[in-house]
Amino acid sequence: MLVCIQQDLLKTSYVIFETLPWPARSPDLSPVEHVWDKLKRQMPSCHSVHDLELSAQDLWAHLPQDNIRCLINSMPDRVTACIAAEGGPTCY
């Protein structure tokens, strides 16, 4: 992949990066997507931006760390499943 880096109007650099094939938009490999999903399901209806902000902060602060730990510990299995599915859908 050729990337253009513009630092200012007079200085432009081009860098070639070798990228690995990666499934597009792969929530299977992003534990934080599962955290956001859990937070969205628990989010109460809010009538103002301020209420939304307070609710989101409260949910985030009280998110059980065991859930986060389980998601992180599941990463080797998620990667294995993604490789086996050749980037397609998995059971996660």
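Only the coordinates and a few stated rules stand behind these numbers; no lab work does. Just so you know, these numbers come straight off a predicted model, no measurement behind them. Note: ideal-geometry Cβ built from the backbone for every residue, glycine included; neighbour counts use all protein chains shown.
A84 passes every criterion in (1) farther than 17 Å from P31 by Cβ; (2) among the small types (G, A, S); (3) under 18 Å from the mean Cα position of the chain (by Cα) apart from (3). Close Cβ contacts (under 6 Å, 6 or more residues apart or on different chains) running from residues in the range 27-50 that are in contact (Cβ under 8 Å) with a residue 24 or more places away in the chain and over 20 Å from V79 (Cα atoms) to residues that are assigned to a helix (DSSP H, G or I) and of a type outside the set (S, T, N, Q) comprise L39/L59.
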